[in-house]
Structures are given as structure tokens and as C-alpha cells.
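Down below is the structure, laid out as C-alpha cells.
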Amino acid sequence: MKYNALKGIHDILPPDIYIWQKVEKTAKDIFSTYGFHEIKPPIMESTEIFIRSIGETTDIVEKEMYTFRDKAGRYITLRPEGTAPVVRSYVENHLYNLPSPQKFFYYGPMFRYERPQAGRFRQFYQIGAEAFGVLDPKIDSEILAMLKFFFEKLEIENLRFEVNSIGCEHCRPAYKKALLNFFSDKINSFCPDCKRRFELNPLRILDCKVNACIQLRNGSPKIIEFLCKNCREHFEKFISFIELLNIPYLINPNMVRGLDYYTRTTFEITCDQLGAQSAIAAGGRYDRLVEEFGGPPTPAIGFAAGMERITSLIKSSCNYNIPHLKVFIAVIGSHAEKKGLIMASSLRKHGIWAEIGYEGQSLKGQLRKANRLSAEYVLIIGDEEINSGKVKWKRLSDGKQGELSFDEINNFFISP
Ligand code: HAM
């Protein structure tokens, strides 16, 4: 019987894993200079928290969640995103009692039952960050600056920073009315989902991926034209701050995010090289969500970046640290085998990657293996070496050779 991974779900293998580790480390290093601390929310949550936050009429909730009932009959969902779990944790652990702002980042797998294609998976990894307690648009600009620096550090180029404001509960009623007016005489030509959304949440029609619906919504009113005074001021200040920080941006009034919790600032960072799934990171404000989860009124903003999309962009160009085998210890005879085992263990305690020959292979076979493993050095131990207390070494890159006494070995391989 041959088993395969599930559709849209992949293994991450060496050497790719070293790119992933580099991305993760770069994120941790940079995010910590902005005061973000790592948290690890669980991978499963009760289904309700995603329905409440992401929104009942979104694609994620309607079509994409991996939901099941546990043995006690409770509805459980594998997290499709990280914001709702972080907000749940923030409220449950009363983190709002700590000095504001509280800033967190997370890294881990998310699950969405989407149609798999290049850059779109059913299990995918996000690096995300959420900042709680600041209404000032300076923090919106800092989040974008942090992302810009992060991608620069990874040498990812040709990114577009698309920004928009989707207003607040005060701007929405007039906008909703304008949308209903615009769509009312053509709603019968839309897909069944959009027809339903017309009744329940017309804003979601703007996020439909069906081609006919995309055509039909051409020329629809833009939320940015309906912003209330406070939202407009917030947006203008945000734009002035990102200009100050030299972040090249594009206002995209058509950008409506696929999740309902957003208010005011939204953004997507896109890259044409990614093809159809061009968003490498996305996020925005969600100033009402903490309150909706039972916490005190707390403005908040965050983003998530897709690891598969990031790593696909740096695969060929980035300098990442694949570990190299330093020493292969070839052993001949049972005494040498024991000596080699002890020697390898001692080298490893000094942080040196060492391997030994196994299963009585011939010297020739062991040397071939050392070559295949791209070892930097080979040590050869046989009875003669054990008797003389000296071991032969050879550097495979240039064939240089020499001898060492057993107690010189660790120091010889510890890099200066
Ligand atoms: P999102 O736009 O749904 O936002 O996802 C953020 C990023 O995750 C996308 O830009 C993309 O890079 C990656 N991504 C999403 N779906 C997939 C997939 N199926 N396969 C591969 N990569 C994918 C959120 O998830 C929000 N929680 C972001 C946020 C945080 N907003 C505020 N705080």
C-alpha cells in the first residue's frame, strides 16, 4: 500500500527547510525590534470564534473551514487564520490589563479547504503579527515599515504595497445603501452566493472570485468615497506617515479583504512574480473585534504573510545556511569502531557535525560515502592508528593530508 500526503498539503523537506528557518529567524529578529513577542495559540479552536470574527458570509466560513465534531459533540475548527485565536487569547488571558500596546507575533500552519493551485494550499504557514491598544495611525505605518524591512532583508524585490481604508460602523450604512442601489437591477445575473450576499452582506459581493461577478461589479461605488470624518483623517495621516517612511504605496480602492473583521486601514503586499496568488502578506485594522470577543474597547491592527509564497520568491536568490558535514570518521576494525564512536560523540559536543562509518563497510566504501555526503574532512582510524595514538586526516576539497594525536582532534576542527 502506497500512501500520499493529502491534496494541497505538502511536506517541507531539506534543503528547503533551511530557507524556511532563515525566514523565521529574520522575522523574529526584525519583529522583536518593534516590540513583538512570540505567542503560540492552539491550532484548533471552537468553530464559533471563526464564524463570529471572519464572518458568516465569507468564503472562508462558508466553504473553506476544516470543521469537525469532537467526541463530546463540540464543533471544532482547524484554524484558517491566526487573528481570531490571538484575539480570543488576548481577551481570555486579560492581556488588556498589561501596559498598552501589547504586540504579538505567531508562526504556524493554517488550514483552508481551497482549490489547490500554485501558491495556494490547504495547509499553509503564516507568519503573522497583531498589535493591540493603539488607535494612532503611526502604528499602521510602522507595521508596513516593518514588513518592508523584513522583505528587504530577505532580498525580495518588486513588491507593491496596496492600501485602502474600509471605514467603520459609522461609514458603512451609507456605503451599504449605495452598493444595494448599484447592484439592485443586476443582482439576478450574479452567482447564487452573491445573490444571497446581496440580502445578508452586500460588501462580500466585492470579494467574489467568479469571473462574471467581477465583470458585473465594474464601476461599483468605492468605500473610500464614503469615509466619515474620523476615518478620513486616520487614512490621511496614515498616508502621510508611510510617505515619511519612504514606503512606496498604491491606493487600491477596490481592495476589500476576505474577512469581515476589518475596519479602516487595510493593505496587501503583492508581487507579480507570484502569478494569480499574488499576495505575499496582507492585513489591516480590526478595532471592534476585541470588544466583540468580550474584552474592553481596544483598537488593533495586524497582518499575516504566507510562508510558501515568501520561500518560493527567495529559493533561487537567497543565501541560506545549509549545514555542511565537517568530519567523516572512517573506521576499520572493531577497536577503531569504538574509538570512532567516542570521537564522533566528543566532536558533536563541541558543535561539530561528525558522521561515522557503519556496518563494517570497506575503507573504500566509507570514503565513497564521505564524498557523497560532501564531508569537508575524513579521519581514518584502524589498528595502526590506535597503536600509534595518531590519526590520519584528509581534506577532500584539495586532498591535503596530515596526522593528529587523538587529543588534538577537537581543537583541530573547532573553527577559529
Ligand atoms: P489573509 O489575506 O487571508 O489574511 O492571508 C494572509 C496571507 O496568507 C496571504 O496574503 C497569503 O500570503 C497567505 N495565504 C492565505 N491563504 C493561503 C493559501 N491557501 N495558501 C497559501 N498561502 C495563503 C489573514 O489570514 C489575516 N488573519 C491577516 C491579518 C492579521 N489581518 C489582521 N491581522
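Every number in this text was worked out from the coordinates using simple rules, so none of it is lab data. Fair warning: this is a prediction, and the values are worked out from it, not measured in the lab. Note: ideal-geometry Cβ built from the backbone for every residue, glycine included; neighbour counts use all protein chains shown.
Cα-Cα over 25 Å: which of K103/K148; K7/K103; K71/K103; K364/K400; K338/K390; K349/K369?
Values: K103/K148 18 Å; K7/K103 35 Å; K71/K103 35 Å; K364/K400 18 Å; K338/K390 16 Å; K349/K369 23 Å.
Cα-Cα > 25 Å for K7/K103; K71/K103; rest within.
Using a Cα-Cα cut-off of under 20 Å, which lysines could be cross-linked to K177, ignoring same-chain neighbours fewer than 8 residues away? Those lysines meeting the cut-off are K186, K195, K222, K229.
Fewest to most neighbouring Cβ within 10 Å: what's the order for D207, D185? Don't skip to the end; give the middle numbers.
Numbers: D207 19, D185 8.
In order of increasing Cβ crowding within 10 Å: D185, D207.
For the listed peptides 77-86, 114-123, a ranking on the average number of other beta carbons within 10 Å per residue, highest first, reads 77-86, 114-123.
Between the C-alpha center of the stretch 161-180 and that of the stretch 334-403 there is a gap of 69 Å.
Within the straight-line cut-off of under 15 Å between alpha carbons, the aspartates and glutamates reachable from K326 are E355, E376, D398, sequence neighbours fewer than 8 places apart in one chain being disregarded. Listed by Cβ neighbour count within 10 Å, with the fewest neighbours leading, K2, K339 appear as K2, K339.
The charge dipole of the stretch 1-75, taken about its Cα centre with unit charges on the Cβ of Lys, Arg, Asp and Glu (plus for the first two, minus for the last two), comes to roughly 280 debye.
What number, rounded to the nearest 500 deg cm²/dmol, is the helix-based mean residue ellipticity at 222 nm of the chain, given -39500 (n - 2.57) per DSSP H run of at least four residues and division by all its residues?
After summing the helix terms and dividing by the residues of the chain, the value is -10500 deg cm²/dmol.
Highest average first, the peptides 136-144, 389-397 ordered by how many other beta carbon atoms sit within 10 Å of their residues are 136-144, 389-397. Enclosing the Cα atoms of the stretch 55-205 in their convex hull gives a volume equal to 193 cubic angstrom per residue.
With springs only between Cα atoms under 10 Å apart, run a GNM on the chain and tell me which of H94, H335, H324 wobbles the most. Taking springs between Cα atoms under 10 Å, the residue moving most is H335.
Under a 10 Å cutoff between Cα atoms, tell me which one of R74, R368, R88 has the largest fluctuation in the Gaussian network model of the chain. Top of the fluctuation ranking is R368.
Under unit Cβ charges (Lys, Arg +1; Asp, Glu -1), what dipole magnitude, rounded to 20 debye, does the stretch 267-416 have relative to its Cα centre?
Details: 18 positive and 17 negative charges, 108 e Å.
The calculated dipole for the stretch 267-416 is roughly 520 debye.
Computed over the stretch 75-122, the convex hull of the alpha-carbon atoms projects to a mean area of 4.6 nm².
In the stretch 267-416, the DSSP beta bridges split such that about 70 percent are antiparallel, to the nearest 5.
The average projected area of the stretch 1-117, computed from the convex hull of its Cα atoms over all directions, is 10.6 nm².
Order of M110, M1 from fewest to most other C-beta atoms within 10 Å?
Arranged by neighbour count, lowest to highest, M110, M1 become M1, M110.
Charges at C-beta only: +1 for Lys and Arg, -1 for Asp and Glu. How large is the resulting dipole of the stretch 207-276 about its Cα centre, in Debye rounded to 20?
Numbers: 8 positive and 8 negative charges, 40 e Å.
Rounded to the nearest 20 debye, it is 200 debye.
Working note: Cα atoms of the chain, range along each principal axis, descending, whole Å: 93, 53, 43.
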